[in-house]
1. Being in contact (Cβ under 8 Å) with a residue 12 or more places away in the chain, closer than 22 Å to Asp25 by Cβ and under 27 Å from the mean Cα position of the chain (by Cα), is that true of even one residue in the range 113-122?
2. Output the number of residues of the range 36-91 satisfying the condition of being over 56 Å from the mean Cα position of the chain (by Cα) and either closer than 30 Å to Glu117 by Cβ or among the β-branched types (Val, Ile, Thr) (or both).
3. Might you let me know whether the range 212-226 holds any residue that is part of a loop (DSSP other than H, G, I, E, B), of a type outside the set (A, V, I, L, M, F, W, C) and crowded, with 17+ Cβ neighbours inside 10 Å?
4. In the range 189-206, how many residues are in contact with a helix residue (DSSP H, G or I) (Cβ under 8 Å, 6 or more places away or on another chain) and either among the acidic types (Asp, Glu) or buried (at least 17 other Cβ atoms within 10 Å of the Cβ) (or both)?
5. Looking only at residues that are among the hydrophobic types (A, V, I, L, M, F, W, C) and in contact with a Leu (Cβ under 9 Å, 6 or more places away or on another chain) in the range 143-176, which one is nearest to Asn18 (Cα to Cα)?
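The values are calculated or read from the model by the stated rules, or taken from the named source; none is laboratory data. Note that the structure is a prediction, hence the values are computed from the model and not measured. Here Cβ is always computed from backbone atoms with ideal geometry, including for glycine, and neighbour counts include all displayed protein chains.
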Amino acid sequence: MPDFSLIYKLQFTDLELNTQGKRIDDIRKKLGDRAAIIAVQKVLDRLSIKINEINIRQKKTEDEISSLITRISTAEQKLYGGQVANPRELQDLQNDIAQLGRQKDNHEDELLAILEESEPIKVQHDGIQEKLKSAESAWDTLQNQLNQELASVLESTGKLKNQRDEMVSVIPNDTLELYDQVRSRHPQGKGVARVKNNMCESCLVVLPARQVQALRSDSTSTRCTSCGLILLPE
């Protein structure tokens, strides 16, 4: 049976490379990912638009109230300034002032409703704005951490690849080809497994006594009938 002991060590390196490769992919997906911040920004933008619409309504109502106050003041000056003497004109003027007053009261009620509507929205807007600042700060911190971790994992991966190259250089081609073939089909990327207590250490299936005996004495490789990995004696 070929010597698969070095292949067993190689497998540990390959499994660690797989783990680090997945971590590198995960880090690169997270780097620059501003999805969470964009979501908060969209909420803030919608609130800003709503506040702007309310401010426009508020300004229009305030202008209308200001205009009515001016008109009422002008009419009252006429009424009490002695400029009008005709009783009918005086009555008409009093009616106009009363009507303008009612319009002013209505607009003031409308203004109060607008202010009551805007208050909780502005509070929510300010809260979301603070949340966005916190999210931006947390994102910057996370990006720095991810960049540092990526550099560290890439350095570790480089060392592991060098170690792998050294091991591969002394492994016979036919043995390496069989190992690569087996692990390419295994869901966890394994190629070999030791036999412990007559069981495959990978899938924990109890092996037939005849297969265990053959493994100890045969000169050819033996594979687990359950998971297909190349078996190594204890």
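1. no
2. Residues in the range 36-91 being over 56 Å from the mean Cα position of the chain (by Cα) and either closer than 30 Å to Glu117 by Cβ or among the β-branched types (Val, Ile, Thr) (or both): 5 in total.
3. yes
4. Final tally of qualifying residues: 4.
5. Leu160
Results for (1) at negative phi; (2) over 34 Å from the mean Cα position of the chain (by Cα); (3) aliphatic (A, V, I, L, M), shown as yes or no for each residue.
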site: Asp126; (1), (2), (3): yes, no, no
site: Glu130; (1), (2), (3): yes, no, no
site: Lys133; (1), (2), (3): yes, no, no
site: Asp140; (1), (2), (3): yes, no, no
site: Val168; (1), (2), (3): yes, yes, yes
site: Gln181; (1), (2), (3): yes, yes, no
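Per-residue answers, yes or no, for (1) assigned to a helix (DSSP H, G or I); (2) in the same structural domain as Ser118 (by TED's automatic domain parsing); (3) surrounded by 12 or more Cβ atoms within 10 Å (Cβ to Cβ):
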| site | (1), (2), (3) |
| --- | --- |
| Glu62 | yes, yes, yes |
| Ile69 | yes, yes, yes |
| Lys78 | yes, yes, yes |
| Gly82 | no, yes, no |
| Arg88 | yes, yes, no |
| Asn95 | yes, yes, no |
| Leu100 | yes, yes, yes |
| Lys104 | yes, yes, yes |
